[in-house]
1. With a 1.4 Å probe and all protein chains kept in place, how much accessible area does B:Ser77 have, in Å² rounded to the nearest 10?
2. Just to be sure I understand: with springs between alpha-carbon atoms less than 10 Å apart, which residue in B:Ser54, B:Ser18, B:Ser90 has the highest mean-square fluctuation in the Gaussian network model of chain B?
3. Return the ratio Rg/(2.2 N^0.38 Å) for chain A, where Rg is computed over Cα atoms only.
4. At 1.4 Å probe size, with every protein chain present, just tell me what the per residue accessible area of chain A comes to in Å².
5. Accessible area lost on pairing A with B, both sides, 1.4 Å probe, Å² to nearest 100?
6. Of A:Gln70, A:Gln98, A:Gln31, which is the most mobile in a GNM of chain A whose springs link Cα atoms less than 10 angstrom apart?
7. Say we join alpha carbon atoms closer than 10 Å with springs in a Gaussian network model of chain A; which of A:Ala68, A:Ala90, A:Ala19 then has the biggest fluctuation?
8. Consider just the alpha-carbon atoms of chain B and return their Rg together with their Dmax, both in angstrom.
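The values are calculated or read from the model by the stated rules, or taken from the named source; none is laboratory data. Predicted model, so just to flag it, every value in this text is computed and none were measured. Cβ: placed from backbone, ideal geometry, glycine included. Neighbour counts: every protein chain shown. Surface accessibility is based on the protein's heavy atoms, side chains included, excluding ligands, DNA and RNA. Shrake-Rupley method; radii C 1.70, N 1.55, O 1.52, S 1.80 Å.
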Amino acid sequence: QKEVEQNSGPLSVPEGAIASLNCTYSDRGSQSFFWYRQYSGKSPELIMSIYSNGDKEDGRFTAQLNKASQYVSLLIRDSQPSDSATYLCAVNKGSARQLTFGSGTQLTVLP
Amino acid sequence: GAVVSQHPSWVICKSGTSVKIECRSLDFQATTMFWYRQFPKQSLMLMATSNEGSKATYEQGVEKDKFLINHASLTLSTLTVTSAHPEDSSFYICSAIEGGANYGYTFGSGTRLTVV
């Protein structure tokens, strides 16, 4: 079992729709969770971080964390073509300072 | 916000030569930096953790004698790919932490290495 798992996609949604990205992790000791967006040929950029169970909203983005289910998700409302990218879920176990990344989900928002 | 500068952004070198990649934290002190490698259509794989003033910690399967890491100051870490081969061609990305482990993972812009 991979430490951090994501559906590789590709996921396609029409412009204006809600895109839902999912991530599961295996280590119950994980404490910090991050969503990064990566455009082709570029380095990742942080979209959201979440540390507590529940929802965290920032503009069109909402991160959801359920530690009991070891599940973290990212919702993108009113999706735009510029949101088309690969979305990486990353987890930090606290004791280890490095991030462990999922394989990423490729999102395409169709005009 | 925190900025990490990485240079060069791309480099082409001949097989057998060495290439140095620099990663600088511009407006904060980074006691810890991380080096990742990313092959096409794959995710980031951690190569090593670089701590200022001490030896780097390498992940399993990463050759420490081939990928030399130096973190001589709180704002600079370097990765040197020695005796590069075509299979070392990849996208190398550094990351630095500002503050505690849960705060401020900032990535450099990445270096595209092509070994011919």
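1. Near enough 0 Å² of accessible area.
2. B:Ser54
3. 1.01
4. Heavy-atom accessible area per residue stands at 47 Å².
5. That pair hides around 1500 Å² of surface in total.
6. It is A:Gln98.
7. A:Ala68
8. Cα radius of gyration and Dmax of chain B are 13.3, 40 Å respectively.
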